[in-house]
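Colleague: First the structure, which I've put down as structure tokens, then a few questions once you've had a look.
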Amino acid sequence: MAGINQIPGVGQQIRLVGRLRWMLFKNSLRNVKGRLEAVTSGILWLMMAGIVVGGSVFFGITAYFFAREGHGLRLALLLWIISLFWQIYPIFAATVGAQFDFSNLLRFPLRFASFFALSLVYGLFDPGAVASCFWLFCMCIGIGIARPAMLPWTFIVLFAFAAMNLFFARMLLAWIEKWLARRRSREILGFIFILMILAIQFIGPVIEHFQNRNAQLHASWLLTLLPIANALPPGLAGRALQFGLAANFAYAGQSLLFLALYTAAFFWLLGVRLVAQYRGENLSETSAAAPARTAPSPRVSPPSAAAAPALSFEIPGVSRASSLIFEKEVRYAMRSGIMLLNLFIPLFIVLLLAFSPHKPTHANDAFFRHVPQMIFPIAIAYTLLIQTNWAFNSFAFESTGIQFLLISPVPFRDVMLGKNLFLGLMSLTEALLVWILVTFLFGPPPLLIVVASFLGLLYGTIANCALGNALSVCYPRRLEFGVFRQKKQAGMTVFFGLITQVILIGLGTLVFILARLLHRPALTIPVFLVFALLALVGYRFSLARIDRLAMSHRETLTAELCRQE
């Protein structure tokens, strides 16, 4: 009996969890949907593999030349690039990388050492971590070829640097989960993060604007930032390699010691969070319960008329159910900072183009003379591109509410029509805001280009809705309302969404180019009208069959949207 009740060892528990995850993946391939998602995910991984291979060649060759020429200080720049990629890439690769809630592991009688080790293993197999470790390995090989005697020391330094990045990434994620337990906090962080990403785009234009003003001031800023950069882990690892190349192992060991202190600090902070999770910490969206206070009984007032219900949207020409779905989508959008920010992303694109230098010089005179006229179509194309998140996964935020939509005596085509109307309104609002900003910054674009751009947006939106309705029903994936970093999207949804956007935007660009080559700019209007009519025919065909499609996939909808991950 003692042998039966004995908890398996750490190694055996890790193997059991690994086997469990493998069996879950293997069983998901039993149906067509799982096999198609596996194929499309594999295609996306192959497309991303070019980044890893190209980066390995770059880092290996660059490290070889830096080591051979004795430019050890420049190795820190390569380490900075790898460290930033390791920490930032998983955010952008959230639709492809494996997302897993580690609190689910606590359903099993795991030892704490197994729980800790599994956390590190999952972090190590993150796409950004895999690529970064491979790049560090290529750097080690490059330095070893240039300086064979440096190979052991280089391996020790880069191994410590990789461990620091692994512990830091896992520690940061664990603490952010605690700080952002509330939806509003997550929305604020996502809002700030997207603003920071957009602000980065203005660095180039600002630098170019001030590059001819005070070169000495720029040099003083660099000298000020250099000691700070050297005191951070990438700088310390770079200095350890630099002093090692110079055979000054006293200073090299000192830099490695400080790097090890950073690693130990991140390891300890990660352990603090994992211990709290292991002991049953449960982060909740709600506030802690407060003791009830006795209040005096309220005076009974005479009966009065019930408060009038809030007025709902009434959209002429559509059913009452579609109007209510439209109202729900609007109210959801008004409560989500991330969704509202999507309205303003095309405006940032226009501002970026406005701040970018576009002075006519030499051979590019003819090109830059037409840039202000084409800014409006470019921003409209970007407006069409960001529809992917909403058009191809319309039920992402429905969660368990999908059950009410399935059992309600309302045709499913009315539900989809309400969602499509909201998507059209959002796109139209974005287009109008873009037109106002372009007019203010560059002057009013030609009426012909404005009309053609709006017609292109119309045909693209209708086509997205026609295909997106079917994909939303067949390949749904639940997303958390107000969460910035979501679980991964369905592979089929991502693949077909990207292919559709490439085709739609490519056709629109081709129409503008052909009209320009034929010197018939007015030709774009009838062509886009024909495209819009064809898309409308496809949309009506899709909408007429959406009820039958929804009923045949109701188990898929409820299984994907109602399950807790």
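The values are calculated or read from the model by the stated rules, or taken from the named source; none is laboratory data. Since we're looking at a predicted model, the values are computed, not measured. Don't worry about glycine lacking a Cβ; one is built from the backbone with ideal geometry, like all the others, and counts go over all protein chains shown.
Colleague: Scan the range 56-73 and tell me whether some residue there is in the same structural domain as F134 (by TED's automatic domain parsing), among the small types (G, A, S), surrounded by fewer than 18 Cβ atoms within 10 Å (Cβ to Cβ) and at pLDDT below 80. It would help to see each step written out before you state the result.
Modeller: Residues of the range 56-73 that are in the same structural domain as F134 (by TED's automatic domain parsing), as a first pass: 56-73.
Next, only the ones that are among the small types (G, A, S) stay: 56, 60, 63, 67, 70, 72.
With the extra rule that they be surrounded by fewer than 18 Cβ atoms within 10 Å (Cβ to Cβ), the set shrinks to 70.
Next cut, at pLDDT below 80 only: 70.
Looking through the range 56-73, at least one residue is in the same structural domain as F134 (by TED's automatic domain parsing), among the small types (G, A, S), surrounded by fewer than 18 Cβ atoms within 10 Å (Cβ to Cβ) and at pLDDT below 80.
Colleague: Just the residues that are part of a helix (DSSP H, G or I) and either touching a helix residue (DSSP H, G or I) at 6+ places or on another chain (Cβ under 6 Å) or small (G, A, S) (or both), please, taken from the range 434-448.
Modeller: Looking only at the range 434-448, we keep the residues that are part of a helix (DSSP H, G or I), and these are 434-442, 447-448.
Hits for the range 434-448 are V434, L437, V438, L441, F442, L448.
Colleague: Kindly evaluate P296 against the criterion of being under 30 Å from L428 (Cα atoms), more than 30 Å from the chain's Cα centre (by Cα) and at pLDDT below 85.
Modeller: On the way: under 30 Å from L428 (Cα atoms): no; more than 30 Å from the chain's Cα centre (by Cα): yes; at pLDDT below 85: yes.
The answer is no for P296.
Colleague: At least 1 residues that are at pLDDT below 80 and closer than 24 Å to I14 by Cβ in each: list the helices (runs of 4 or more DSSP H) lying fully within the range 106-208 that qualify. So that I can check it myself, show each step before the final result.
Modeller: Numbers: elements: 112-124, 127-146, 151-179, 183-200.
Counting at least 1 such residues, we get 112-124, 127-146, 151-179.
Colleague: Turning to a different aspect of this structure: Mind checking which residues of the range 134-148 are surrounded by 19 or more Cβ atoms within 10 Å (Cβ to Cβ) and within 29 Å of the chain's Cα centre (by Cα)?
Modeller: Matches in the range 134-148: W135, L136, C138, M139.
Colleague: Does T95 qualify as being surrounded by 14 or more Cβ atoms within 10 Å (Cβ to Cβ), in a loop (DSSP other than H, G, I, E, B), at pLDDT below 70 and not basic (K, R)?
Modeller: The answer is yes for T95.
Colleague: Sticking with this structure for a sec: Select from the range 123-133 the residues that are over 18 Å from L46 (Cα atoms) and surrounded by fewer than 17 Cβ atoms within 10 Å (Cβ to Cβ) and list them in ascending order.
Modeller: Correct list: L124 only.
Colleague: Please indicate, with yes or no, whether at least one residue in the range 243-266 is modelled with pLDDT of 60 or more, assigned by TED's automatic domain parsing to the domain that holds F155 and touching a Gly at 6+ places or on another chain (Cβ under 6 Å). Reasoning before the result, please.
Modeller: Restricting attention to the range 243-266, the residues satisfying the condition of being modelled with pLDDT of 60 or more are 243-266.
Narrowing the set further to residues that are assigned by TED's automatic domain parsing to the domain that holds F155 leaves 243-266.
With touching a Gly at 6+ places or on another chain (Cβ under 6 Å) added as a condition, the list becomes 245, 252.
Scanning the range 243-266, I find at least one residue that is modelled with pLDDT of 60 or more, assigned by TED's automatic domain parsing to the domain that holds F155 and touching a Gly at 6+ places or on another chain (Cβ under 6 Å), so the answer is yes.
A quick yes/no check of all residues on (1) at pLDDT 80 or above; (2) basic (K, R); (3) within 25 Å of I525 (Cα to Cα):
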position	(1), (2), (3)
A307	no, no, no
R320	yes, yes, no
I325	yes, no, no
M334	no, no, no
L352	no, no, no
F368	no, no, yes
I378	yes, no, yes
N393	yes, no, no
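Conditions tested, residue by residue: (1) under 22 Å from A544 (Cβ atoms); (2) modelled with pLDDT under 90; (3) assigned by TED's automatic domain parsing to the domain that holds M374; (4) among the charged types (D, E, K, R).
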{"residue": "P445", "(1), (2), (3), (4)": "no, yes, yes, no"}
{"residue": "L458", "(1), (2), (3), (4)": "yes, no, yes, no"}
{"residue": "V473", "(1), (2), (3), (4)": "yes, yes, yes, no"}
{"residue": "F495", "(1), (2), (3), (4)": "no, yes, no, no"}
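Colleague: Looking at F422, F481, which is the one that is farther than 30 Å from R520 by Cβ, among the aromatic types (F, W, Y) and either at pLDDT 90 or above or in contact with a Cys (Cβ under 6 Å, 6 or more places away or on another chain) (or both)? Don't jump to the end; show me each part of the working.
Modeller: Details: F481 fails: either at pLDDT 90 or above or in contact with a Cys (Cβ under 6 Å, 6 or more places away or on another chain) (or both).
Going through F422, F481 in turn, just one is farther than 30 Å from R520 by Cβ, among the aromatic types (F, W, Y) and either at pLDDT 90 or above or in contact with a Cys (Cβ under 6 Å, 6 or more places away or on another chain) (or both): F422.
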